[in-house]
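Colleague: Before we start, here is the structure in question, set down as C-alpha cells.
The values are calculated or read from the model by the stated rules, or taken from the named source; none is laboratory data. It should be emphasised that the depicted structure is a prediction, and the values quoted were computed from it without experimental measurement. Every residue, glycine among them, receives a Cβ derived from its backbone with ideal geometry; neighbour counts consider all protein chains shown. Surface accessibility is based on the protein's heavy atoms, side chains included, excluding ligands, DNA and RNA. Shrake-Rupley method; radii C 1.70, N 1.55, O 1.52, S 1.80 Å.
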Amino acid sequence: MSVLISRNPATGEKLAELQVTVEASLPAVFEKAAVAQRKWSAFLPKERSETLLRLRETILQHIDEITETIVSENGKPHFEAMAHEVIPTLDLITFYAKNAPKILADRSIPLTLLKHRASYYNYWPLGVVTVISPWNYPWLLPLGEIVMALSAGNAVVFKPSEVTPLVGLKIQAMVDLALFPSNLMQTVIGAGELGAAIIEQKPAKIFFTGSVPTGKKIMAQAAKHLIPVNLELGGKDALIILPDADLDFATSAAVWGGYTNAGQMCASVERILVHDSICGPFQELLVKKLARLRQGPSGSRDNDLGPVTLERQKTIYEDQIAEAHAAKAHFLTGGELSQDRRYMKPTLITGEGIENLKVYHEETFGPVVALTTFHTTPEAIQKANSGRYGLLASIITRDLTEGERIAKQLQVGSVLINEVCYTAGLAETPWGGVKDSGIGRTHSAAGLLEFVNVRHIHKPRLSWLTFKSLWWFPYTQPQYKFFRAFAELYRRGWIRKFSLFPAFVVTFIRLIWREKRL
C-alpha cells in the first residue's frame, strides 16, 4: 500500500489521499529523532515546560479547525470533539508543564540502616519512544502520551491510526508551530505493517492503545528485542446500580456512559448490573432517555450520536446481535444498523441467559449495552469481575461508604462512584487496566514515570563519613559474631535485644579498630 485514503465515516466522502511512509526511511527517522532527543534532554525541565505552554497556546489558536478535523475524519459530534478530546489535552499540558519538573526531581529514599549514607531516585529520559494510537479518540489519546514523552525529555516517533491520519498530522502541525526542536516529534503514516517495521527500529519503549489481539502481537515482537511496552487495550466495563440509587441520576449516567462517542470507547459502559428490586422502573426510564438521543450526520451541531467510524466493527455488532436473537434475548431498544449501514441505533439487550452471550463477555466497542440484575452485593461483585477485562467500573449509590467498600473489591484499574467513563481525561489520575485490559499507566505522576528510566544513586552523607564497610574482606570471627548478634536485633522481644547490646557495641568497636589497622 503506497497511498492511504482518509474518508468521512458519516458520508463516505474522500477527505485526502496521503503517501504512506516508506519502511526504508525509518532508520533515518529514528536517527534524526535520536539527535534531536540528545539536545532536548539537555534542556532544563522549566525550559521544556515553557515549550509545552507554547503548544497549549498554539492549540487554543487553532481549536476550531482541530475540532473540525476530528469531526470530519472520526465522525463524532462537534461537542464531543471539542469537550471530550481537545479540552482535556489543554488541561493535561497545563498539568505537566506545572508539575513535571517536581515529579522528575531527585527523590530521597529513607534508609532504615546505614544512616551515614544516603540514597535517592534519579530520573533520566528513555530516548526515542514510539506512540501508536487508535482511531476512536485520535487527538486525546496520542497527544496525551506525546506530551508526557516530551515533558520527560524524550523524542517521539508517532504513528496515528490509518483510519484517522489527518488528525495525527494536525497534532504534528501543532507541535511544529509551537517551535519544538526539529525532528523531536515525527509522524509516520501507514497501517499495521508499518507499526511492525517501527518496532524493528528498536525504540526505547512502545506506547500502544488499541485492541487486545494487536497488543499481544506488539508485545510478542517487542519481546524479541527486550523493548518495554505500555499497553492500553480493551474493556467490558460494568456499571453497578445499587438499590438506593436515584433512578433519574442512574439512568442518565447509563445513557452517557454507554453511548457517548457512539459507544466506541474502551471505557464505555458495556454491562449494566442493576439490583432486581429497581430493575423495572430503571429499564423503563432508561429506554425513554435512549429514545431521545439524536443520531445523524456528524456535520449537525445538534447531534448526540455520530456514525460507526470503523467498518469492521459493524460485523462485530451484527455477530453479537445475531447470537442474542438466536438465544431469544430481549431487545429493549435498537438492534440494527441504519439502512445505509453508517449508524448503529442505540441498543439495549437483556433477558435470561444473557450472561452466557458474547454481548456480555466480549468487547463490543459500540452503542450496544447488555443489562442484567443482581440480588446481593457479593453477586454484583462476582458478575462485575467476571471475564478477561479489567479497565474500569462504575457504581451508583447514595451510600458512599458502601460504594467504596465495593470499589475495593473490583478487579479494575479505576472505579468511579457516581460517575462514568470520564477519568481517562483527567491529567492528575492514573489511567490503565489489569488482566487483558493492558499493562502500565498513563497520566498522573505514575504515568509520567513510565517515560523515564529510574537510576538509584547511593553516597556518603558527608565525605569524612567514608570508611571501609564491615562486610568487606578479609572475613574474621569477630566479624561473624557481630553480624550474628546483629540478626538478633530483629527479634520482637526487647529483653533479648537489650541483653545483646553490650556485646554488640564491643564487637563493633573491635571491628572498627581492625579496619583502621588494615
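Colleague: Would you call Leu293 part of a loop (DSSP other than H, G, I, E, B) and touching a residue at least 24 places away in the same chain (Cβ under 8 Å)?
Modeller: Criteria met by Leu293.
Colleague: Right, another one. If you scan segment 346-376, which residues turn out to be free of Cβ contacts under 8 Å to residues at least 60 places away in the same chain and surrounded by fewer than 24 Cβ atoms within 10 Å (Cβ to Cβ)?
Modeller: Gly351, Glu352, Gly353, Ile354, Glu355, Asn356, Leu357, Lys358, Thr376
Colleague: Sticking with this structure for a sec: Which members of segment 68-90 meet the condition of being closer than 18 Å to Thr260 by Cβ and either open to solvent by 10 Å² or more (accessible area, probe 1.4 Å) or not in a helix (DSSP H, G or I) (or both)?
Modeller: Result: Gly75, Lys76, Pro77, His78, Phe79, Glu80, Met82, Ala83, His84, Ile87, Pro88.
Colleague: What residue, among those in segment 260-282 that are in a helix (DSSP H, G or I) and touching a strand residue (DSSP E or B) at 6+ places or on another chain (Cβ under 6 Å), is surrounded by the fewest Cβ atoms within 10 Å (Cβ to Cβ)?
Modeller: My answer is Cys279.
Colleague: Could you tell me how many of the residues in segment 130-154 are of a type in the set (S, T, N, Q) and either over 16 Å from Val188 (Cβ atoms) or assigned to a helix (DSSP H, G or I) (or both)?
Modeller: 3
Colleague: Here is a list: Ala81, Ala155, Ala100, Ala149. Which entry is free of Cβ contacts under 8 Å to residues at least 60 places away in the same chain and not polar (S, T, N, Q)?
Modeller: Answer to the check: Ala81.
Colleague: Another question, if that's okay. Can you go through Glu419, Glu428, Glu404 and tell me which one is under 27 Å from the mean Cα position of the chain (by Cα), free of Cβ contacts under 8 Å to residues at least 24 places away in the same chain and open to solvent by 60 Å² or more (accessible area, probe 1.4 Å)?
Modeller: Glu404
Colleague: Looking only at segment 155-164, which residues are in a loop (DSSP other than H, G, I, E, B) and either crowded, with 24+ Cβ neighbours inside 10 Å or not β-branched (Val, Ile, Thr) (or both)?
Modeller: Across segment 155-164, the qualifying residues are Pro160, Ser161, Glu162, Thr164.
Colleague: All but one of (1) surrounded by 24 or more Cβ atoms within 10 Å (Cβ to Cβ); (2) among the hydrophobic types (A, V, I, L, M, F, W, C); (3) assigned to a strand (DSSP E or B) hold for Trp124; state the number of the condition that does not hold.
Modeller: Tallying (1) surrounded by 24 or more Cβ atoms within 10 Å (Cβ to Cβ); (2) among the hydrophobic types (A, V, I, L, M, F, W, C); (3) assigned to a strand (DSSP E or B), Trp124 fails exactly one: (1).
Colleague: Output the residues belonging to segment 267-313 that are at pLDDT 95 or above, closer than 23 Å to His84 by Cα and polar (S, T, N, Q).
Modeller: Residue satisfying the conditions is Ser268 alone.
Colleague: Sticking with this structure for a sec: Among the residues that make up segment 401-419, is at least one of them within 30 Å of Tyr120 (Cβ to Cβ) and in a strand (DSSP E or B)?
Modeller: No; the residues of segment 401-419 include none that is within 30 Å of Tyr120 (Cβ to Cβ) and in a strand (DSSP E or B).
Colleague: Looking only at segment 458-472, filter to residues that are open to solvent by less than 50 Å² (accessible area, probe 1.4 Å) and in contact (Cβ under 8 Å) with a residue 12 or more places away in the chain; which one of those is farthest from Ile509 (Cα to Cα)?
Modeller: Pro460
Colleague: Is there any pair linking a residue in segment 204-220 that is open to solvent by 60 Å² or more (accessible area, probe 1.4 Å) to one that is part of a strand (DSSP E or B), with Cβ under 7 Å and at least six apart or on different chains, and which?
Modeller: Met219/Val229; Met219/Leu231
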